[in-house]
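Read the structure below first, then the notes.
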Amino acid sequence: MYVDGVRKVDLWKNVANTVSKTVNLTVPSGKHSLRVDFVNWTGAANVTFAYTPRTTATVDKVKPLVPTVAYSTATTSTQVSWAANKEMDFAGYRVYRRLKGADYPTKPLATTTATSWTDATVPKDGNVYYYEVRAYDKAGNTSSGTADLGVTTVDRTAPAAPKGVEDNWAIGSPSRITLYWDSNTEPDLAGYRVYRSTSLPVALTPANRLASSGGGYSGPLPQTGDIYYYVVTAVDTHGNESPASGSAEYYSDDLTGPVDTPLGTQVTEGETGVTVTWDAAEGTSSDFAGWSSSGRSSRAPPESQCGRSRQAAGARRSHPTPAPAQRGAAKRRVGQGRREPRRT
């Protein structure tokens, strides 16, 4: 018997009984020719042959062919596909994954008999990961791995929350505060954001955001009598923001007047005094207590002086000068008739 023109079985002799022979052949992949030559010396000649794969580990020492791999990245998962192996003793495939710069683990990521596999567990951290597929047969032989091809994942992993912010404090009510915290170790760290609020938890909103920082923060503390809470977040180069850190709290003195401004102020003078009215402000401070009003007078020259001026002028016109008693009465009338502004 010849395989591709090479003799593999030689039973070329005259026998009276049936003779058989089994040989182990390694047949490469592809198309091959099989030829059997026989002759009948005397009587009839009957020749039969069959091909049965032998898959035991003691016999099969040949590794399967290396699969051909193609990669397709969709959304945040990776699909690995390869061409099917054609070995008759083929058993399956093992899929491996490693981070760039690391070794492949001994345990496969997945085992399958299909020709594709989707990795939905690949970390979404923006790093490069390599995949390798190895075929194995029923005898336990494993092929070499496919050529490494890297897949860069989408970075949707935020840094860890900064630590140590909650350890900041100050005695009394400082006018400025300084925050310190431990540095994050993520390789794609871009910086930090500082937030402040008068309530917990501190909302990570643009209104509460104070500044971006490469590390540490110093700034004024509003003197409104409130307790202010500060938190810090870490941000990576892809814009992912960590959860808020622990909070640091600071007490402030109330040195800030209310923002309430009365509208439409009116002053009315009546028989009983002066009345001031106004409309309430559209916005009211949280610590608003009430309104106060004050006034000042613009004093006109007393009537007694005016009287003397008129009287002096009259003297020049030869009018009689009022008697002293009359001038005194005039003074009393002026004093009784003058009305000071009243406060309400």
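The values are calculated or read from the model by the stated rules, or taken from the named source; none is laboratory data. Values in this document were obtained by computation on a predicted structure and should not be read as measured data. Note that each Cβ is placed from the backbone with ideal geometry, even for glycine, and that neighbours are counted across all protein chains shown. Calculation scope for accessible area: heavy atoms of the full protein, side chains included, ligands and nucleic acids excluded. Shrake-Rupley method; radii C 1.70, N 1.55, O 1.52, S 1.80 Å.
Using 0.36 nm times the number of residues separating residue 276 and residue 24, minus their current alpha carbon distance, what extension gain do you get?
Value of the extension gain: 79.1 nm.
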- Task: Quick one: which residues, 5+ away or cross-chain, put their amide H under 5 Å from the amide H of residue 34? H built at 1.01 Å from N.
- Result: 4
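From the C-alpha coordinates alone, can you work out the Kirkwood hydrodynamic radius of the stretch 200-280, in Å?
17.1
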- Would you kindly find the accessible area of residue 34, with a 1.4 Å probe and non-protein molecules such as ligands, DNA and RNA excluded, rounding to the nearest 10 Å²? 100
- Task: At 25 °C and 0.890 mPa s, grab the translational diffusion coefficient of the stretch 104-146 from Stokes-Einstein with a Kirkwood Rh over Cα pairs, rounded to a whole number in µm² per second.
- Result: 198
- Solvent-accessible area per residue, Å², over the stretch 194-292 with all protein chains present [probe radius 1.4 Å]: 58
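Calculate, for residue 104 and residue 2, the FRET efficiency according to 1/(1 + (r/R0)^6) with r their C-beta to C-beta distance and R0 41 Å; round to the nearest 0.05.
Working: r = 42 Å, r/R0 = 1.03.
My answer for the efficiency is 0.45.
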- How would you order 117-123, 133-139, 4-10, 188-194 from highest to lowest mean count of nearby Cβ atoms within 10 Å? 133-139, 188-194, 117-123, 4-10
- Phi-derived 3J(HN,Hα) across the stretch 106-115 with the Karplus relation (6.51, -1.76, 1.60, θ = phi - 60°), rounded Hz, x for Gly and Pro, is 6, 8, x, 6, 7, 10, 8, 9, 7, 9
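For a Förster distance of 30 Å, can you work out the FRET efficiency between the beta-carbons of residue 152 and residue 84, rounded to the nearest 0.05? All intermediate terms of the calculation are to be shown ahead of the outcome.
On the way: r = 28 Å, r/R0 = 0.92.
In this case the efficiency is close to 0.60.
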- Could you grab the Rg to Rh ratio for the stretch 51-147? Cα atoms only, Kirkwood for Rh. 1.02
- Message: Spelling out what I want: for every residue of the stretch 214-228, take phi, set θ = phi - 60°, compute 6.51 cos²θ - 1.76 cosθ + 1.60 (Karplus), and round to whole Hz; glycine and proline get x.
- Response: x, x, x, 8, 9, x, x, 9, x, 9, 10, x, 8, 8, 10
- Message: Solvent-accessible area of residue 21, probe 1.4 Å, all protein chains present, reported in Å² to the nearest ten, please.
- Response: 110
- Given the convex hull over the Cα atoms of the stretch 94-213, what projected area results after averaging over all orientations, in nm²? 11.6
- Between residue 71 and residue 259, how many nm apart are label points set 7 Å from Cα along the C-beta direction? 5.3
- Query: Got a sec to turn the phi values of the stretch 143-160 into Karplus ³J(HN,Hα) couplings, 6.51 cos²θ - 1.76 cosθ + 1.60 with θ = phi - 60°, whole Hz, x for Gly and Pro?
  - Reply: 6, 5, x, 5, 5, 5, 10, x, 10, 8, 7, 6, 8, 10, 9, 7, x, 6
- How much FRET efficiency would the formula 1/(1 + (r/R0)^6) give for residue 237 and residue 120, where r is the Cβ-Cβ distance and R0 is 22 Å, rounded to 0.05? 0.35
